[in-house]
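Asker: This is the structure I have questions about; it appears just below.
Derivation of every value follows stated rules applied to the coordinates shown; laboratory data play no part. Predicted model, so just to flag it, every value in this text is computed and none were measured. FYI the Cβ positions are ideal-geometry reconstructions off the backbone, even for glycines, and counts take in every protein chain you see.
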Amino acid sequence: MNNVTTWQVISTIIARDWRVAMRRRSDILNPLLFVLMVVTLFPLAVGPGPDVLGRIAAGVIWVVALLSSLLGSERLFRDDYLDGTLEQLVLLPTPLAVTALAKIIIHWLLSGLPLVILTPVCALLLKLPMDGWATLMLTLLLGTPILSALTAIGAALTVSLGRGGALLSLLLLPLFIPLIIFASAAVEGALVGAPILGQVLLLAGLMVLTLTLAPLAVAAAIRVSVN
Amino acid sequence: MTSLDSVTSHPVAQQQGTEILLHAQHLSSTRANRLLFRDLELSIPASSVLYVAGPNGSGKSTLLRMLAGLYAPSSGTVSRFATDDNETWQRQTLFIGHKPAVKQALTALDNLQLQAQLDGAQIDDPWQLLETVGLLGLEDIPAQQLSAGQQRRIALTRLWYSRARLWILDEPFTALDQAGINLLQERFAEHCANGGALVLTSHQPLTWQPQQLQTLTLGGGHE
Amino acid sequence: MAFSSFQEFIVMGGYGFFVWLAFGGTFLGLGLLVLRSVVARRHLEKACADHMRRQERLARRQKQERSR
Amino acid sequence: MWRWLHPYAKGEATYRLLGHWLPWLAISAALSLLVGIVWGLAFAPPDYQQGDSYRIIYIHVPAAIFSMGAYTGMAITALIALVWQIRTAEWAIAAIAPVGAVLTAVSLFTGAVWGKPMWGTWWEWDARLTSQLILLFLYLGVLALYYAFDDKRTGAKAAGILALVGVVNVPIIHYSVYWWNTLHQGATITKFEKPSMATSMLIPLLICLLGFALFTAAMICWRLRHEILRQELHRPWVQQELIGQEKLN
C-alpha cells in the first residue's frame, strides 16, 4: 500500500528539484545573468542620462523579468519528461494538481525569489529613484509567483513538443499583460507619491487567483502531454 | 486492420476464491488514427502473470499504459481492485515504463531515497538494497555516468520495497544482463507467491514458470 | 604620518565611510576567494576518501562476481 | 622546441613545482600588500582636489589593472592549451577565471564607491566603470560555460575558446565604451582622471601594484594545484598527497 500523504509528496518534489538545481547551479544563475546583461544594454542604447533612464527603469525591469521567466521555463518539466519522472508524478495517488503546485512553488523559489533579491542592483544601474525601489520589489514579489504559475501552464502544454521555446512565449505573453500594466502603474504612482494601494491589492488578488486555478490547468496539461 | 486474434490463455483455474485485481472489457485504442487493438477482454486474478507479446508497434506499451491509467482507452472500461476511486487503486498499482524514472543529475542513493518517499515506503538500509540489485560500488556517482542497464536497476529497486499488489512493467528486462534478468524473475516469483499480480511485456521468453500464466498476443503490428 | 591622531585617521577627512567601505569590500572579496580555496582543499580530501571507498566496494564486487 | 616545458605537461611535476613557489609568493604578497596599503592609507599626503577619498586608488587601480591582466593571461593560457594541447594549461584556465572575476568585481565595487563622493550617485555610467562591468560579464560568461559541461576537460577547452574570442573584443569594447561616453558627455560630467601623482603618492601605489600582482599569482598557483588534484583524483600520487601515508597502508 503506498500510503504517502499530500504533504509528503509536496515536500519530496520540492526537495528533489532543489537537489537537482544545486547540482546544476548554472540553471539558476543563467537567467539572473541574463537579467543583469539586458538591463546593462539599455543605458548603452538610450544613453546614461538619469532622466531618460529613471522613467523607463520600472518598465524595463518588468519586461526583463518576464523574459527571464520564459528563459527558465525549460527547467520546469523538460527534464522530468525526458527521464520519465513526469509519468510517475501522474501516477501518484495524491491529486496531480497538488504536484503541479509543488512544481510551481519550487520554480518560483529558484527563479522568482532570486529575481526579487536582484532588483536593487538593476534599479541602481537604471537610475530608478530610490523611493520607487520598495514598490518595484513589492510588485515583483507579488508578480513573480504569477509568472511562475502561468509559465508552468505553458511549459506543461509544450513539454512533449520538441522545440517549444518560441511557441511558449507566443502562448504566455498575452497572459502577462495585466501584470505589466498594474505593476508599472504602481511604481509610476510611487515615484510621484500617489497612493499605490489599489494596484498592489489588484496584483495580490491576481496572484491568489492564479495560484488557485493554475495548478488545475497544469495538471490537465501534463495529462495531455504524458499520454 | 488488426484485431486481437488470439487470446491464448493457459487453462486458468478460475477458482471462485481468488480476487480479481483488474478487469477490462471491450478495450480498444486508436493511436494517430491507427487502430491498435479492438474489443480486448482480460482479467487478472491475484498471484497471476499476464505476459503481453507481439511485434513492435502492435500497441503493447499503449495497452500497458492504459491499464496503468496513464492513457484513456478510446472505448471500453478498465476496473481495478473493484473500485473506481482513483486514489485507492493507484496506491495498489506500480507502473514502470520504458524510461527509468531516474534523475540524471542525482546519485543512485538520492534517487532511491526520494522515490521511496514518493512511494510512502521506509527503507532501513538503502546501501544493502542497492547491493542486492547489483549496484555495489556505484551508489554515489551521478546517474548520468551509469549505463542504461544500471539506471534501470535503480528504477527496479522499487520492486523490492513497494507493497503495491499489481505490477505493470513495460519491458523490464531491457538493457539488463542475464544476472539481472534472473534476479528479476526470482523477485517476480516472490511477488506472485504472496498474492501479487504482474503484467509485463518482453521480447525474451520467461524462463521462470509461474503457476498462473496468461499470454496475450497482440497481432498485426505495422501494416 | 598624514594624520595627527588615530581619530582623524578614521574620519579620513570626512570621506571615512567611503574609504573604509571600499577597503572592507576589497578584503571581503579577496578573503572569500582565499576561503573558497581552503574549502576546496577540504572538499577534495573528502572526494578522494569517497573515491577510495568506492574502489574498495568495486573490488569487493569483482571478487563476488568471480566467486559466483 | 621548448624542451624544458614538456615535463610540466604532466600533473605531478607541475604540482611539485608550484608547491615550491607557493609559500614564497604568498608571504611576499601579504607583506607588500600590507606595506603598500598602510603606506597609502596613513602616510601618503591627501590629494589637494579630492582630499582623502582618493586613497581608494590604492586598491581600485591595481584591481582594475590585474583584472585585465588576468583575462589576458587566461587567453594566453587558452592559446597554449588549444595549440599545444598541454593539459596543465587547460587546468590553468579554470584556475585563473575565478581570480580574475573577483578582481574585476573588486575594482567595480571600489570604483562605484569612489564615485559616490565625486558624482553623488552610487553608480555612474562612466567609461571606465562601464568597461569594467562588461569585463565582469565576459568573465561570468567564461565561468558559466566552464561549469555548464560535466566533463571538465571539454569545459576548459570551450571556456578557452570563449576567452580567446573575448580577449580580441576587450580593446574593441574598451574604445567603443569610451566613444559612447564622450558621445553623451553632456549628460554626465566626469572628471575622473587620475589625480596628479606626487612621488610620495606614487610609491605606495607601485607597492600596492606589486602586492596585487603577487597576490594574483599566488592565488592562481594555489587554485591550479587544486585543479590538478581534482583532475587527477584517481592517480595514486594524489591519494597519497590528500589522504597522507598513514591511512593508505
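Asker: Going down the table (A:103/B:103; B:103/C:63; B:103/D:10; D:10/D:157), which pairs top 27 Å between alpha carbons?
Answerer: B:103/C:63; B:103/D:10
Asker: On to the next question. With r defined as the distance between the Cβ atoms of residue D:13 and residue D:200 and R0 fixed at 41 Å, what FRET efficiency is calculated, to the nearest 0.05?
Answerer: Here the calculated transfer efficiency is 0.35.
Asker: Please average, across the residues of C:39-51, the number of beta carbons from any other chain that are within 10 Å of each residue's own beta carbon, and give a whole number.
Answerer: Counting Cβ atoms of other protein chains within 10 Å of each residue's Cβ and averaging gives 4.
Asker: Just to confirm the number: angle between the C-alpha axis of helix A:96-107 and the first principal axis of chain A, 0 to 90 degrees, nearest 10?
Answerer: 40
Asker: Taking each residue in B:161-168, count the Cβ atoms of any other chain within 10 Å of its Cβ, then average. What number comes out?
Answerer: Partner-chain Cβ atoms within 10 Å, mean over residues of B:161-168: 1.
Asker: DSSP beta bridges in the protein assembly as shown, what fraction antiparallel, as a percent rounded to 5?
Answerer: For the protein assembly as shown, the DSSP antiparallel bridge percentage is about 50.
Asker: Pop a pseudo-label 7 angstrom from the Cα along the beta-carbon direction at both residue B:207 and residue D:234 and give the gap in nm to one decimal.
Answerer: A separation of 3.1 nm, rounded to one decimal place.
Asker: Need one number: nm distance between label points at residue B:132 and residue C:1, each 7 Å from Cα along Cα→Cβ, rounded to one decimal.
Answerer: Each label point lies 7 Å from its Cα, and together they span 7.7 nm.
Asker: May I ask you to list, by number, the DSSP H helices of chain D whose Cα span along the axis is at least 20 Å and whose average Kyte-Doolittle hydropathy reaches -1.0 or more?
Answerer: D:11-38, D:57-84, D:87-119, D:127-148, D:152-183, D:199-231
Asker: Let me ask something else. Over the protein assembly as shown, consider all pairs of different Cα atoms and compute the Kirkwood hydrodynamic radius from their mean reciprocal separation; express it in Å, one decimal.
Answerer: 30.6
Asker: Which is farthest toward the positive dipole end of the protein assembly as shown among C:32, A:117, D:165, measuring Cα position about the Cα centre, with Cβ charges +1 (Lys, Arg) and -1 (Asp, Glu)?
Answerer: D:165
Asker: For chain C, compute Rh as the Kirkwood radius over C-alpha pairs and then the Stokes-Einstein diffusion coefficient at 37 °C and 0.692 mPa s; write the answer in µm²/s, rounded to an integer.
Answerer: Translational D for this selection: 195 µm²/s.
Asker: Taking every residue in C:4-13, how many Cβ atoms of other protein chains lie within 10 Å of its Cβ, on average?
Answerer: Partner Cβ neighbours, averaged per residue: 2.
Asker: Could you pull out every residue, at least 5 positions away or on a different chain, whose amide H is within less than 5 Å of the one on residue B:199? Hs are placed 1.01 Å off N in the peptide plane, and Pro or chain starts have none.
Answerer: B:50, B:167, B:168, B:169
Asker: Could I ask something else about it? Give me the dipole magnitude in Debye, nearest 20, for the range B:154-209 about the Cα centre, with unit charges on the beta carbon: positive for Lys and Arg, negative for Asp and Glu.
Answerer: Charge dipole, the range B:154-209, about its Cα centre: 260 debye, nearest 20.
Asker: Treat each spin label as a single point 7 Å out from the Cα along the C-beta direction, and report the residue B:141 to residue D:30 distance in nm.
Answerer: Calculated label separation equals 4.1 nm.
Asker: Using per-residue counts of other Cβ atoms within 10 Å, averaged over each peptide, order B:41-50, D:63-72 from highest down.
Answerer: Packing order, densest peptide first, comes out as D:63-72, B:41-50.
Asker: Scattering from the C-alpha atoms of chain A alone, worked out with Debye: what is log10 I(q)/I(0) at q = 0.10, 0.13, 0.17 1/Å?
Answerer: Taking Cα atoms of chain A as identical point scatterers yields -0.47, -0.76, -1.18.
Asker: Run the numbers for residue A:216 and residue A:26: contour at 0.36 nm per residue of separation, minus the present Cα-Cα distance, in nm.
Answerer: This chain segment gains 65.4 nm when fully extended.
Asker: To the nearest 20 debye, what is the magnitude of the charge dipole of the range B:49-137 about its Cα centre, counting +1 on the Cβ of each Lys and Arg and -1 on the Cβ of each Asp and Glu?
Answerer: Here the range B:49-137 has a charge dipole of around 480 debye.
Asker: Taking the Cα centre of the protein assembly as shown as origin and charging only Cβ (+1 Lys, Arg; -1 Asp, Glu), how large is the dipole, in debye to the nearest 20?
Answerer: Once rounded to the nearest 20, the dipole reads 1360 debye.
Asker: Near residue B:99, which aspartates and glutamates are there with a Cα under 15 Å away, not counting those fewer than 8 places off in the same chain?
Answerer: A:79, A:80, A:83, A:87, B:170, B:171
Asker: Then there's this: What angle do you read, to the nearest 10 degrees and between 0 and 90, between the alpha-carbon axis of helix A:74-83 and the longest principal axis of chain A?
Answerer: The helix A:74-83 is inclined about 20 degrees to chain A.
Asker: Nearest 0.05, what FRET efficiency do residue C:59 and residue B:35 give at R0 = 41 Å with Cβ-Cβ as r?
Answerer: Efficiency computed from Cβ-Cβ geometry: 0.15.
Asker: Provide the descending list of Cα extents for chain B along its principal axes, expressed in whole angstroms.
Answerer: Computed over chain B, the largest-to-smallest principal extents equal 49, 42, 35 Å.
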